[in-house]
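The values are calculated or read from the model by the stated rules, or taken from the named source; none is laboratory data. Predicted model, so just to flag it, every value in this text is computed and none were measured. Cβ coordinates were reconstructed from backbone atoms using ideal geometry, including for glycine residues, and neighbour counts include every protein chain displayed. Just so you know, the surface numbers come from the protein's heavy atoms only, side chains and all, with ligands and any DNA or RNA stripped out. Shrake-Rupley method; radii C 1.70, N 1.55, O 1.52, S 1.80 Å.
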Amino acid sequence: MGLFGKKKKAWDEGRIQENKAKMRALFEQVVEDAAGYQLVYAYSSSVTTSNSILARKTTYTYTSLIVGFREADMSIVILQTTPELEGCSDPEIFRKGEIKKAKVVQGGFTIYHKGGLMAGYTQFYISDEYDDDNLFAYMRQSEEAAQWDIFWPKFCK
């Protein structure tokens, strides 16, 4: 029993380990020297709003991400993937000395790209538990999220 008599969620550890193994395999396929990186599952979101005569429509789009981080060279590698962890994009690599800045903005980890005013930014969110099969990979990553929380402040300095 959990707090206030609520039942604690039963996690399928086999499924979680299988998803972590899929993440590692995808990461190692596209990233050189992938063995030195710690991995964490994350997501990004975008919101679009359109107005019509009768109604206003807001659309939320979620993207699953594999985030690799390594303290040795203070680098972050981000891969787009699917909730089923079936494939991934080419890596986007951020090194501490090659970015403008990094900070937390509205609860999201934000990396500002070097360049002029329109250089852009990358924002993502990390949680220690995901269980919505329609939007995210089934994942419980308490240790990985805790390691990320130690790494991020060092990367931001």
Elements of type strands (runs of 3 or more DSSP E) in segment 63-146, at least 1 residues being hydroxyl-bearing (S, T, Y): 75-81, 108-113, 121-124
Residue in segment 94-110 that is more than 18 Å from R24 (Cα to Cα) and in contact with a His (Cβ under 8 Å, 6 or more places away or on another chain) present: yes
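With closer than 29 Å to Q17 by Cβ and over 13 Å from the mean Cα position of the chain (by Cα) as the only criterion, which of D149, D131 stands out? Let's see the steps before the verdict.
Values: D149 fails: over 13 Å from the mean Cα position of the chain (by Cα).
Of the residues listed, the single one that is closer than 29 Å to Q17 by Cβ and over 13 Å from the mean Cα position of the chain (by Cα) is D131.
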Among (1) open to solvent by less than 70 Å² (accessible area, probe 1.4 Å); (2) within 20 Å of Q123 (Cα to Cα), the one test that G87 misses: (2)
Count of segment 106-125 residues which are open to solvent by less than 40 Å² (accessible area, probe 1.4 Å) and in contact (Cβ under 8 Å) with a residue 12 or more places away in the chain: 7
Options Y37, Y62; residue that is open to solvent by less than 50 Å² (accessible area, probe 1.4 Å) and more than 16 Å from D128 (Cα to Cα): Y37
Test: residue in segment 13-24 that is more than 12 Å from M139 (Cβ to Cβ) and either assigned to a strand (DSSP E or B) or among the β-branched types (V, I, T) (or both): no
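Within segment 126-157, take every residue that is of a type in the set (D, E, K, R) and touching a helix residue (DSSP H, G or I) at 6+ places or on another chain (Cβ under 6 Å) and give me the one that is most open to solvent (accessible area, probe 1.4 Å). Can you show your working first?
Of segment 126-157, the ones of a type in the set (D, E, K, R) are 128-129, 131-133, 140, 143-144, 149, 154, 157.
Okay, now just the ones that are also touching a helix residue (DSSP H, G or I) at 6+ places or on another chain (Cβ under 6 Å), so 128, 140.
Numbers: D128: 66, R140: 88 Å².
Checking each candidate, the answer is R140.
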